[in-house]
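S.K.: Below you will find the structure I want to go over with you.
Bear in mind these aren't lab numbers, they're just calculated from the coordinates by the rules spelled out. No experiment lies behind these values; they were computed from the predicted model shown. Virtual Cβ from ideal backbone geometry, glycine too; neighbours counted across all protein chains shown.
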Amino acid sequence: MHSNISIFVPHVGCPHKCAFCDQNAITGKEKLPHKEDVEKVCLQALDRVDDITDTEIAFFGGSFTAIPRGYMLELLTAAHKYVGEGRFKGIRISTRPDCIDEEILDILKEYGVTSIELGAQSMSDEVLTANERGHSAEDVRQASRLIREYGFELGLQMMIGLYKSGHQQEDETFDEIMRIHPDTVRIYPVVILNNTRLAELLASGEYKPMSFDEVLMLSARALGAFTEAGIRVIKCGLHASEVVEQDMVGGFYHPAFRELCEGLLYRQRMETELDKAEKDGRLSENKELVFAVKKGCMSKAVGQKRVNIEYFKKTGLRVKIVERANIGLYEVRLLDDVEAAHSCSIYNMKQIKRSKVCGCFYCGKIFAPDEVSGWINEGCGTALCPYCGIDSVIGDASGYPITEGFMRKMHERWF
Ligand code: SF4
Ligand SMILES: [Zn+2]
């Protein structure tokens, strides 16, 4: 699995003062790393990391290519020694779009840099100006083009909910990033820190941020669409940190922001599936709707504190989520009865005991629940058919019809 060795480089001498950036808070608290620090971190990681060939040395923290040239080369020289055959995969850096040109890209190539992330933040010039970014959307396009031409992996960072950014500007940013199609994206809902221009604008009432739900909705849309388009979303929401917790005066922060987005995304997709099924007359007769999601994604789909299940319950729908192979991340499939009923043949002891009649979809026999010959999966119990011994038994308490016809259809689907 891909991993990074992170080295934080504070914003030394950044010539800008973006409206959301509190350089003093960051530069004041962090010590500048030097070549010895880079070597130490790399040596430690060599012992610790499982797959060094899928690990990058990542210089995080701001505008790497805008730091003093001598200092940048010192860090790159130290890191470069650990990159290549049998060592780490490469070096990742992040920088401003207007701090990229051919000369800098030549240097980065020479020193083994493999991935470049640009702080795009918005693709609306109006928003970039209002937030005093000091670069334009065209700078992002140009820099992205150059980075690609040089063969680097391209990453873009975007901020949602900036000053003067409404739905139209958010759409513009989303559409443009889709068009550029970077390899990776970081989605950051705006966090308003003390001692920033945004904090002043917020205090004066000039900046009226969107609601948390709007930002959540926009972030979820971006997360879903980028993932579907094959763009890896490597961050969604800020990590909990001292700076955020002490200095935040407004904006959008939640320690599990990505999980909130994922839950919302799954819920929206379940609703879309339901609408489609209703239109096509495919809605199950069973009161319980069964949605299948990718293996390992059950808890994302259920949502934090089972919020999605409760949401549907309020509308009178019982929803069950099962995991299936061959389903993509954030993809949802509403199962038809024949497919959904299969999940009732596993760990079904309680259901069988509540049933009046049972059926086996392997041999097709219909029988009384007390005829079940045995159980596997101790504890929760999965019933075995008394006639063929196969674990293909469901009872009428599942809500599905226990008829020869239905058992036959299930047999055709599953065997
Ligand atoms: S470019 Fe980066 S470091 Fe400089 S002010 Fe803006 S956000 Fe802060
Ligand atoms: Zn049987």
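S.K.: If the only charges are +1 at each Lys and Arg Cβ and -1 at each Asp and Glu Cβ, what is the size of the charge dipole of the chain around the Cα centre, to the nearest 20 debye? Don't skip to the answer; put the middle values down first.
M.R.: Details: 51 positive and 62 negative charges, 288 e Å.
My answer is approximately 1380 debye.
S.K.: Less than 14 Å from a label point 7 Å out along the Cα-to-Cβ axis of Phe60: which backbone N atoms in the stretch 220-236 qualify, by residue?
M.R.: Only 234-236 fall inside the zone, counting backbone N under 14 Å.
S.K.: While we're on this one: Amide H to amide H under 5 Å from Leu289: which residues, 5+ apart in sequence or cross-chain, H placed 1.01 Å off N in plane?
M.R.: Residues meeting the amide H criterion: Arg318, Val319, Lys320.
S.K.: Long-range amide H contacts for Ala120: which residues qualify at under 5 Å (H placed 1.01 Å from N, peptide plane, sequence gap of 5 or more or a different chain)?
M.R.: Gln157
S.K.: Given the options Tyr347, Thr129, Leu154, identify the residue whose Cα lies farthest towards the positive end of the charge dipole of the chain (+1 on Cβ of Lys, Arg; -1 on Cβ of Asp, Glu).
M.R.: My answer, from the dipole projection, is Tyr347.
S.K.: In addition: Please identify the GluC sites (Glu not before Pro) of the stretch 64-111 that satisfy two criteria: DSSP loop assignment and at most 10 other Cβ atoms within 10 Å. Which are they?
M.R.: On the way: sites: Glu74, Glu85, Glu102, Glu103, Glu110; in loops: Glu85.
Sites meeting the loop and neighbour criteria: Glu85.
S.K.: Can you work out ³J(HN,Hα) from phi for every residue in the stretch 362-377, in order, using Karplus 6.51 cos²θ - 1.76 cosθ + 1.60 and θ = phi - 60°, giving whole Hz and x for Gly and Pro?
M.R.: Residue by residue, the stretch 362-377 yields 8, 9, x, 6, 10, 7, 7, x, 6, 7, 3, 8, x, 9, 10, 6 Hz.
S.K.: Working out 0.36 nm times the residue gap between Asp213 and Gln304, then minus their Cα-Cα distance, what length gain in nm do you get to one decimal?
M.R.: This chain segment gains 31.2 nm when fully extended.
S.K.: Say each of Val338 and Ser6 gets a label point 7 Å from the Cα, pointing the same way as Cα to Cβ; how far apart are those two points in nm?
M.R.: A separation of 5.0 nm, rounded to one decimal place.
S.K.: Still on this structure: Sorted by mean Cβ packing within 10 Å, highest first, what order do the peptides 366-377, 214-225, 264-275 take?
M.R.: The peptides rank, most packed first, as 214-225, 264-275, 366-377.
S.K.: Next up: Mind checking which of Ala292, Ala397, Ala341 has the largest fluctuation in a GNM of the chain, springs on alpha carbons under 10 Å?
M.R.: Ala397
S.K.: Shifting gears a bit: Tell me the volume per residue, in Å³, of the convex hull enclosing the alpha carbons of the stretch 343-414. Intermediate results must be reported in sequence, preceding the final value.
M.R.: Numbers: hull volume 5.2 nm³, N = 72.
Each residue corresponds to 72 Å³ of Cα convex hull volume.
S.K.: Extending each Cα 7 Å along its Cβ direction at Val244 and Ser373, get the distance between those two points in nm, one decimal.
M.R.: 5.7
S.K.: How many percent of DSSP beta bridges within the chain run antiparallel, rounded to 5? Let's see the in-between values first.
M.R.: Details: 13 of 52 bridges.
Counting only bridges with both partners in the chain, antiparallel ones make up about 25 percent.
S.K.: Amide H neighbours of Gly251 under 5 Å, counting only residues 5+ apart in sequence or on other chains, H built in-plane at 1.01 Å?
M.R.: Ile192
S.K.: Just to be sure I follow the rule: in the stretch 264-335, considering lysines 8 or more places apart or on different chains, how many pairs have Cα atoms under 16 Å apart?
M.R.: 9
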